[in-house]
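Q: Take a look at this one; I'll ask things after.
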Amino acid sequence: DCWARIYTPPSEKDSGSVAVFIHGGGWIMGSPNIEDAACRRISKSSGMKVVSIGYRLAPKFKFPTGLDDCVRVTLWALDHFSVPSVIIMGGSAGANLAFGVTLKLVDAGFGEKVKGVLALVPATVHPDAVPEDKRDQYTALHENANNTVNTLASMGCFLDSYAAPPHDKYFSVLLHPRLRDLKKVYIVECGTDTLRDDARLMGEALKESGVPLLYDAYPGYPHYFWSYPSPVLAEASETFHENMFRALAWLDHE
């Protein structure tokens, strides 16, 4: 079953706000353990309580099991902490789930329960579901096929294992007809990522829908570069964290 780990900031820093964090891993691997350091830093630096979700994984548990787990834990967090709304955040597959959870709540009439979405290098559309008029803008999957941790071959494995219908609006969230009802969104794009254009197309769709958007792009950097323990990436990683915390404060401000 699903589970969650809760991070509580030092009492003197507690802002009273709650963030729900959804880890990445291509929907088939990972757990709150892989983002433990990140969630500790987020809670300590932002003053937010962070609820990190351990959702069930494919291929044993295919779409929409993981998504439904994340919806359930989000509703639990709202009730448990008695807060009117939360920020939902995640990276890669976790960012896809963050959008999916938010849009499920929008469709259920609870859109006001999510004050904002923080989406780091999100997957936003199945390659087979990219709108015809956007296909010439969706080239990163092949441009960056090999020089990234989420290679073209890996993405194929992830998608096949998760088995989400390509046009499902809670998976290919770019296609959801109610993007305009999202409150605020922050997106991070990495330039040498197979998911680069997922981020770009979602950013464009949100702007066209009138959604308040912050967008940071890191040209020349690979998928999830800030998590690599490399001195070559240290300066860019620090910039990433500064920008992310700025965005988190913006999302939290009503």
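The values are calculated or read from the model by the stated rules, or taken from the named source; none is laboratory data. The structure displayed is predicted, hence computed values, not measured ones. Note that each Cβ is placed from the backbone with ideal geometry, even for glycine, and that neighbours are counted across all protein chains shown.
Q: Across region 145-176, which residue is surrounded by the most Cβ atoms within 10 Å (Cβ to Cβ) among those that are of a type in the set (Phe, Trp, Tyr) and within 16 Å of residue 195 (Cβ to Cβ)?
A: Filtering first and then ranking leaves 171.
Q: Moving to a separate point now. Kindly evaluate residue 6 against the criterion of being within 25 Å of residue 148 (Cα to Cα), aliphatic (A, V, I, L, M) and either touching a His at 6+ places or on another chain (Cβ under 7 Å) or surrounded by fewer than 22 Cβ atoms within 10 Å (Cβ to Cβ) (or both).
A: The answer is no for residue 6.
Yes/no per residue for (1) among the hydrophobic types (A, V, I, L, M, F, W, C); (2) out of contact with any Asp or Glu (no Cβ under 8 Å at 6 or more places or on another chain); (3) at pLDDT below 95:
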position	(1), (2), (3)
58	yes, yes, no
62	no, yes, no
70	yes, yes, no
82	no, yes, no
85	no, no, no
93	yes, yes, no
101	yes, yes, no
106	yes, no, no
125	yes, no, no
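Q: Still on this structure: Yes or no: region 31-45 includes at least one residue that is touching a residue at least 60 places away in the same chain (Cβ under 8 Å), in a strand (DSSP E or B) and among the β-branched types (Val, Ile, Thr).
A: Taking every residue of region 31-45 in turn, none turns out to be touching a residue at least 60 places away in the same chain (Cβ under 8 Å), in a strand (DSSP E or B) and among the β-branched types (Val, Ile, Thr).
Q: Can I ask one more? Return the pair list, or none, for Cβ contacts closer than 7 Å from residues in region 231-254 that are in contact (Cβ under 8 Å) with a residue 12 or more places away in the chain and buried (at least 16 other Cβ atoms within 10 Å of the Cβ) to residues that are in a helix (DSSP H, G or I) and of a type in the set (Ser, Thr, Tyr), at least 6 apart or on different chains.
A: Note: pairs meeting the criteria are 248/46.
Q: Go through region 194-247 and count every residue that is polar (S, T, N, Q) and either touching a strand residue (DSSP E or B) at 6+ places or on another chain (Cβ under 7 Å) or not in a loop (DSSP other than H, G, I, E, B) (or both).
A: Final tally of qualifying residues: 4.
Q: Still on this structure: When you go through (1) farther than 27 Å from residue 70 by Cα; (2) of a type outside the set (D, E, K, R); (3) touching a residue at least 24 places away in the same chain (Cβ under 8 Å); (4) surrounded by fewer than 19 Cβ atoms within 10 Å (Cβ to Cβ) one by one for residue 142, which number turns out not to apply?
A: (3)
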